[in-house]
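Q: Questions regarding the structure given below will be posed in turn.
The values are calculated or read from the model by the stated rules, or taken from the named source; none is laboratory data. Remember, predicted model here, so these are calculated numbers, not experimental data. Note that we place each Cβ from the backbone using ideal geometry, even for glycine, and neighbour counts take in every protein chain shown.
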Amino acid sequence: MTAPDSDSDSAPNVIAALFDVTSDAVGDEHVEQVLAEFGFGAMEVAETAARIRASRSEFRRLRRRENELAVLYSSARELAQVRDVDTLLQRLVNRAHDIMGTDVTYLSEFDVITRDLNVRKTAGAVSPELQHLQVPAGAGLVSAIAESRAAQWVQNYSDYTQSRHDEVVDAAIVAEGLVAILGVPMLSDGQILGVLFAADRRERRFTADQIALLSALADHASVVLQTARALDRAEESAAETGRALDELREHVSARDKSNIVHQDLIHAVLRGGGYAQVARTLSSSLERSTVVVDSELRPLVKSSGEQITTVPLSLPPAVSEAIDQS
């Protein structure tokens, strides 16, 4: 093998380009060995090997970024296609689980009434304690994230601030064997909707790129929850409107019926029919047997035409009270 012309500035660039193309196919030690065989000096070998390592690192970063963008694109497309909230949230958690490469990924939803944070969806979780975990307000890492509305992570959960620990939360973390935990808030107009977590069963440091990626997926989950809550409010509003319309219809119907009875009674009086005509008119309108009584509750006439007695009617206390208040 002929060594390149030492006066040629292009030789190192040509070799670096060749190794850039082969990417990770050749190990760093073999790269330096091959460069030495080409006749490069120690300084040139070190410089060229460094350039190759930098190029490989950049290629890996770009491939990883390409995969991340593909995941975000697929997630965004599903936001417009999937109507089932539970299905969509599970897919988001599954995608976060795959792309983050963590052992467990889970989503906790914020309850605006109790202010608890309840685990709603998981991926990779094996313990029921975590899958059904309800974290009371102020407890655990999840509450700290909800209060600060900022991403937080711990390399080892056992080293986390003691004031935040809760027996139920700690038991769930231990049951799942979680050590390193990253959580990002799910927000809508500054209001907390929940927290999306990525966790490992070993110590781990999370990078800024990983936090940004999980935050982007958390934004997608926020859209899902916000849309679901808006639909719930719309359904409740529609139900309330329906109930109000039903009450209005009943009121209008009662008013119309009252007007008809009133007109019938006026006509009965004008025709000079007396109490008997009034009793028959009321009986027909109310579809009930009617008795006209005097102030002492003595019957004057019955709509049925039956013979009456002068014995005062005995009424239940509630009816008597209603008559007194009338």
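Q: Is it the case that some residue within region 244-267 is hydrophobic (A, V, I, L, M, F, W, C), surrounded by 11 or more Cβ atoms within 10 Å (Cβ to Cβ) and touching a strand residue (DSSP E or B) at 6+ places or on another chain (Cβ under 6 Å)?
A: No, every residue in region 244-267 fails to be hydrophobic (A, V, I, L, M, F, W, C), surrounded by 11 or more Cβ atoms within 10 Å (Cβ to Cβ) and touching a strand residue (DSSP E or B) at 6+ places or on another chain (Cβ under 6 Å).
Q: Right, another one. Among ASP209, ASP200, ASP166, which is out of contact with any His (no Cβ under 7 Å at 6 or more places or on another chain) and farther than 18 Å from VAL119 by Cβ?
A: After applying the criteria, what remains is ASP209.
Q: Hey, another quick one. Given the criteria outside the structural domain of ASP256 (by TED's automatic domain parsing) and closer than 24 Å to ARG255 by Cβ, does ALA322 qualify?
A: yes
Q: Just to be sure, is SER283 part of a helix (DSSP H, G or I), of a type in the set (Ser, Thr, Tyr) and surrounded by 16 or more Cβ atoms within 10 Å (Cβ to Cβ)?
A: Taking the combined requirement at face value, the residue satisfies it.
Q: Looking at this structure, is ALA171 farther than 20 Å from ASN94 by Cβ, in contact with an Asp or Glu (Cβ under 7 Å, 6 or more places away or on another chain) and among the hydrophobic types (A, V, I, L, M, F, W, C)?
A: In short, yes.
Q: Moving to a separate point now. I'd like the full set of residues that are of a type in the set (Ser, Thr, Tyr) and at pLDDT 80 or above, limited to region 298-325.
A: Matches in region 298-325: SER314, SER320.
Q: While we're here: Taking region 97-111 only, how many residues are over 22 Å from SER143 (Cα atoms) and among the small types (Gly, Ala, Ser)?
A: The total comes to 1.
Q: A follow-up question, please. Which of (1) buried (at least 17 other Cβ atoms within 10 Å of the Cβ); (2) hydrophobic (A, V, I, L, M, F, W, C); (3) closer than 21 Å to ARG115 by Cβ is the odd one out, the single condition LEU182 does not satisfy?
A: (3)
Q: Exactly one condition in (1) closer than 19 Å to VAL223 by Cβ; (2) within 21 Å of the chain's Cα centre (by Cα) is false for GLY138; which is it?
A: Only one criterion in (1) closer than 19 Å to VAL223 by Cβ; (2) within 21 Å of the chain's Cα centre (by Cα) is unmet by GLY138, namely (1).
Q: Taking the options GLN226, GLN155, GLN210, name whichever one is in contact (Cβ under 8 Å) with a residue 12 or more places away in the chain, under 24 Å from ARG91 (Cβ atoms) and surrounded by fewer than 17 Cβ atoms within 10 Å (Cβ to Cβ).
A: The conditions single out GLN226.
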